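A quick write-up on the structure given underneath.
The values are calculated or read from the model by the stated rules, or taken from the named source; none is laboratory data. Being a predicted model, the structure only gives us computed values, none of them experimental. Glycine also receives a Cβ, built like all others from the backbone with ideal geometry; neighbour counts cover every protein chain displayed.
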Ligand code: TUI
């Protein structure tokens, strides 16, 4: 399937893998790119030296295009922005902030840039700043989220900008993919489905929680402090929400979540860890290879887009 995004990124399928902190390391990124999508290394909160290593390891596994996601709250974001240029990375996605200050350097290096936006206002500002595409991410997503739904955000962003729009949040099969195309998107970004890919290094316990999740099993913590994070309900979310409701200060809540994503991804701690996942987790029922899931999604989507 050819769209503006397959052309721009030089990929076979308009499917981009979310740049999930801890989860989106080089095995997953390389597998997605090898399967014809765009694999992404998630810098998350990692140091720049680690991101450089991840890029080099990805290059050893694939000659296809891949990208790096810069989580803009990372204290080493400035250094990571430089590493991306030095290592000749072709695509950058950003999250959790405004990447404005890095755009000139990235564009000068010929890097394609697609920031995540959670509002029409930021999408417009990013277009004016010269980005190549925007990722309109709905509140259905896992992790750090905005408030608009994918169904409402995507068509409004499509109407507001003339650059291509990538839809994200709540998409995990060919139906979601086809719906995103109907809303005017040129590609989709998926996170939750890739967490349970066979090539994903995420701890088996975390994967099992996603595979067992039902439709309403996620919770949003941190809403009152302006850092809403969607994750699967567990002891950690219950404790967090109890404290949040009681008016606990941000610092106390932060202590509770410090290192909790690593605990879930690396150690498989499903009780005290943060099990970030989107609302579509309830529909993700099988661990597959990236190639298998992408073939399934594209076959289903092509049938729907031809016949309906
Ligand atoms: O960034 C994400 N999702 C994430 S980042 C992350 S790392 C983390 N780890 C532990 C606790 C908290 C976070 C986990 N998940 N998605 C992209 C995204 N970006 N969603 C929303 C936004 C966003 C929000 C506001 C982008 C820009 C923005 O604008 C701020 C501004 O300056 O205008």
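Suppose the filter is surrounded by fewer than 16 Cβ atoms within 10 Å (Cβ to Cβ), over 21 Å from the mean Cα position of the chain (by Cα) and modelled with pLDDT of 95 or more; does residue 289 pass it?
For residue 289, the condition - surrounded by fewer than 16 Cβ atoms within 10 Å (Cβ to Cβ), over 21 Å from the mean Cα position of the chain (by Cα) and modelled with pLDDT of 95 or more - is not met.
How many of the residues in the range 93-116 are within 13 Å of the ligand (Cβ to nearest atom), assigned to a strand (DSSP E or B) and either in contact (Cβ under 8 Å) with a residue 24 or more places away in the chain or farther than 17 Å from residue 40 by Cα (or both)?
The number of residues fulfilling the criteria is 5.
Can you find, within the range 255-281, the residue that is nearest to residue 140 (Cα to Cα) among those that are assigned to a helix (DSSP H, G or I) and more than 22 Å from the chain's Cα centre (by Cα)?
This residue is 256.
Which one of the conditions (1) touching a residue at least 60 places away in the same chain (Cβ under 8 Å); (2) in contact with a helix residue (DSSP H, G or I) (Cβ under 9 Å, 6 or more places away or on another chain); (3) within 14 Å of the ligand (Cβ to nearest atom) does residue 119 fail to meet, given that it meets all the rest?
Single failed check for residue 119: (1).
Being surrounded by fewer than 24 Cβ atoms within 10 Å (Cβ to Cβ) and closer than 18 Å to residue 38 by Cβ narrows it down to one of 204, 199, so name that one.
Only one candidate passes the filter, namely 199.
Out of 142, 138, which single residue is touching a residue at least 60 places away in the same chain (Cβ under 8 Å), touching a helix residue (DSSP H, G or I) at 6+ places or on another chain (Cβ under 7 Å), within 13 Å of the ligand (Cβ to nearest atom) and at negative phi?
Just one listed residue meets the conditions, 142.
Quick one: would you say residue 175 is within 16 Å of the ligand (Cβ to nearest atom), outside any loop (DSSP other than H, G, I, E, B), surrounded by fewer than 21 Cβ atoms within 10 Å (Cβ to Cβ) and at pLDDT 95 or above?
No; evaluated as a whole, the condition is false for this residue.
Answer yes or no: is there a residue in the range 262-270 that is touching a strand residue (DSSP E or B) at 6+ places or on another chain (Cβ under 7 Å) and modelled with pLDDT of 95 or more.
No, the range 262-270 has no match at all.
Pairs, please: C-beta under 8 Å, at least 6 apart or cross-chain, first residue farther than 23 Å from residue 207 by Cα and in the range 229-250, second assigned to a helix (DSSP H, G or I) and more than 12 Å from the ligand (Cβ to nearest atom)?
Listed by first residue and then by second, the contacts come to 243/252; 244/223; 244/224.
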